[in-house]
Amino acid sequence: MSLPYPLPPSTAWDAELIRRYDVSGPRYTSYPTALSFAEFGPEEFTAALERGNASRRPLSLYVHIPFCRRICFYCACNKIATKNTDLARPYLARLDREMALTSRHLDTSRPVSQLHWGGGTPTFLTLDQMSELIDRLDARFGLSGDRDRDYAIEIDPREADVLTLRHLQALGFNRLSLGVQDLDPRVQKAINRVQPRVLTESLIDEAARLGFHSLNLDLIYGLPLQTRASFAATLEQVIELAPARLSIFNYAHLPERFAPQRRIAAADLPGAEEKLGILQDTIERLQDAGYVHIGMDHFARPEDSLAVAQRQGSLQRNFQGYSSHADSDLVGLGVSAISRVDDVYAQNPTALGDYEAALDAGHLATVKGLRLSFDDRLRRHAIERLMCDMALDLGALGEAFGVDAEAYLSDALARLAPALADGLIIRRGPRLEVTAAGRLLIRHLAMAFDAHLPGQGGSRYSRVL
C-alpha cells in the first residue's frame with residue numbers, strides 16, 4: 001500500500017529551513033489551549049454536560065491515575081511518587097464520587113466508545129484495584145462490548161507482566177501503549193528508567209498472542225547521552241518488534257518548570273544539529289519500514305485504525321493525541337483531568353489535596369475551563385482539520401460555519417504567507433495542502449490560526465521539533 005503522504009527524502013531535507021521554523025508552540029491537543037483557561041466552576045461544567053446530551057454523541061472517558069513507583073527524570077506529567085499501593089484506595093473512592101456526580105447529569109445510554117487510562121502509571125494499581133475501577137466505571141456510565149470500541153491503557157513494562165495483560169484483556173481493554181523511551185542502557189540510566197528490552201518484548205509478544213487490536217510504543221528523542229548512532233540502534237530494535245503505532249516525542253528540557261528534570265545535566269543533552277539528525281534518521285527509517293507519518297510525532301502501519309481514519313478524513317485530536325474516534329464528548333476523571341464536552345473545556349485541580357477537598361465537599365472538582373466562542377469553534381475546526389488531514393478546505397469550512405472563510409481568516413492566511421513562499425504549504429483554490437516538508441512543521445502552520453497565542457508567550461511551550 002502506498003503512503004498517502006510521502007515523507008521528504010534525505011535530498012529534500014532542508015535543515016536551515018527547519019531550524020528557521022523550529023520555534024516554541026502548542027501541540028494543539030485542544031484549541032484554545034489550556035493556557036487560555038480561566039476560572040470555571042462545577043455549575044458551568046454540569047450545564048455543558050446536560051447540553052451535550054441533546055447531541056447523542058458517544059462518550060469518551062479519560063481516567064488519570066497519578067501514582068508512580070519511580071520518577072523518570074525527563075517526566076513532565078502530573079504524578080505522585082510512592083511505592084504504597086494503599087494510597088490508591090482513597091483516590092479510587094473519590095474517583096467513584098466524581099463519577100457519581102458526573103453521571104447524574106449525563107444520558108448514560110450514550111455509548112462509551114472510547115476509554116483511556118493515563119498517568120502517572122495506571123499499572124501502579126493492583127489487579128484487584130483495576131477490576132474495582134472498571135466495575136465502578138461500568139456501573140456509572142455503562143461500558144461497551146462493541147468490537148470497534150477503543151479501550152486503551154498506558155503501561156510501564158517494568159511494572160507489568162503477562163498476567164497483567166491477560167487481566168486487562170478480561171477487563172475489556174483492547175489497545176495498549178507501552179513506555180519505552182530508549183533502549184540504550186546508558187541513556188536509560190541517565191533518565192532513571194532502566195528497562196531491558198526483554199521486558200518490552202515479552203509484553204509485545206503476549207499482547208499479539210492475546211489479540212489486542214493495536215499496540216503503541218512511546219519513544220523520546222533528545223534525551224541525555226543520545227546520539228544519531230545510539231538512537232538508530234534503538235529504532236532498529238523497535239522496528240523488529242513491529243508495533244502498530246509509534247509515538248516519538250521531542251524531549252523539552254524545562255528544569256525551571258519540572259523539578260525531576262533538574263537531575264539531567266544540560267551538557268549531556270544532544271546539540272541542536274545532533275537532535276535534528278536523529279529526527280531525520282527516524283523519519284527515513286520508519287518510512288522505509290512502511291509506517292505512515294500520521295502527523296507530528298505519531299506513526300502507524302497503513303492498516304492501523306489511525307491511518308485508516310486519516311485516509312477517511314475522520315481523524316481527531318484530543319488530550320491523548322490523535323484519535324480514530326471522532327465526534328465524541330470527552331469526560332476527564334481524576335486529578336488534573338480535562339474534559340471536552342459540547343462547547344466547553346473543564347479542568348480539575350492539578351493538586352491532589354484540592355481535588356480531594358472539592359469532592360469531599362460534595363461537588364465536582366472543576367476549577368478552570370472555557371466556553372468556546374464562535375471564533376474559537378471555527379478556528380478549532382480549522383486547526384484540527386489541518387493537523388489531522390494535512391489539508392484545509394476553506395470552502396467546506398465556510399459552509400459549515402456560515403461565513404466567507406477566506407475573508408474571516410484573512411489574518412491567518414497573512415501569517416501563512418512565509419510558509420507558502422517557502423513551500424511548506426500550497427494553495428489550490430480554496431484548499432490549503434501541507435507539503436511533505438510542511439508535515440514536520442505542522443504545529444507551526446497551525447499557529448497561524450491561533451487568535452489566543454500572541455498574548456500567551458511562546459516560552460511556555462516546547463519547541464516544534
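The values are calculated or read from the model by the stated rules, or taken from the named source; none is laboratory data. Not measured: the values here are computed from a predicted model. All Cβ positions, glycine included, derive from the backbone under ideal geometry; neighbour counts span all protein chains shown. Keep in mind that these areas ignore ligands, DNA and RNA; they rest on the heavy atoms of the full protein, side chains included. Shrake-Rupley method; radii C 1.70, N 1.55, O 1.52, S 1.80 Å.
The rows are residues; the columns are (1) touching a His at 6+ places or on another chain (Cβ under 8 Å); (2) more than 24 Å from residue 119 (Cα to Cα); (3) open to solvent by 30 Å² or more (accessible area, probe 1.4 Å).
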| position | (1), (2), (3) |
| --- | --- |
| 35 | yes, no, yes |
| 42 | yes, no, no |
| 46 | yes, yes, no |
| 50 | yes, yes, yes |
| 61 | yes, no, no |
| 65 | no, no, no |
| 72 | no, no, no |
| 77 | no, no, yes |
| 80 | no, no, yes |
By residue number, the members of segment 281-312 that are modelled with pLDDT under 90 and either part of a helix (DSSP H, G or I) or within 16 Å of residue 385 (Cα to Cα) (or both) are 295, 296
So residue 270 fits all but one of (1) surrounded by fewer than 20 Cβ atoms within 10 Å (Cβ to Cβ); (2) in contact (Cβ under 8 Å) with a residue 12 or more places away in the chain; (3) over 19 Å from the mean Cα position of the chain (by Cα); what number is the exception?
(1)
Looking at segment 340-353, which of its residues are within 25 Å of the chain's Cα centre (by Cα) and either over 16 Å from residue 318 (Cα atoms) or part of a loop (DSSP other than H, G, I, E, B) (or both)?
342, 343, 348, 349, 350, 351, 352
Taking segment 65-87 and keeping only residues that are within 20 Å of residue 132 (Cα to Cα) and in contact with a strand residue (DSSP E or B) (Cβ under 6 Å, 6 or more places away or on another chain), one is left with 65, 66, 67, 68
Among the numbered conditions (1) open to solvent by 20 Å² or more (accessible area, probe 1.4 Å); (2) outside any helix (DSSP H, G or I); (3) among the hydrophobic types (A, V, I, L, M, F, W, C), tell me where residue 117 comes up short.
(1)
Out of 200, 164, 234, I need the residue that is assigned to a helix (DSSP H, G or I), in contact with a Ser or Thr (Cβ under 7 Å, 6 or more places away or on another chain) and surrounded by 16 or more Cβ atoms within 10 Å (Cβ to Cβ). Which one?
164
Within segment 273-294, work out how many residues are of a type in the set (Asp, Glu), surrounded by 17 or more Cβ atoms within 10 Å (Cβ to Cβ) and closer than 15 Å to residue 436 by Cβ.
0
Scan segment 312-327 and tell me whether some residue there is farther than 27 Å from residue 25 by Cβ and open to solvent by 10 Å² or more (accessible area, probe 1.4 Å).
yes
Of everything in segment 82-107 that's in a loop (DSSP other than H, G, I, E, B) and without any contact (Cβ under 8 Å) to a residue 40 or more places away in the chain, which residue is surrounded by the most Cβ atoms within 10 Å (Cβ to Cβ)?
82
I'm trying to understand the selection: among the residues of segment 140-161, which are within 21 Å of residue 204 (Cα to Cα) and buried (at least 20 other Cβ atoms within 10 Å of the Cβ)?
149, 150, 151, 152, 153, 154, 155, 156, 157, 160
Give me the pairs, please: first residue somewhere in segment 200-214 and over 15 Å from residue 153 (Cα atoms), second residue anywhere and of a type in the set (S, T, N, Q) and at pLDDT 95 or above, beta-carbon distance under 6 Å, and either six or more positions apart or on two chains.
210/169
Only one of 137, 163 is closer than 26 Å to residue 55 by Cα and aliphatic (A, V, I, L, M); which?
137
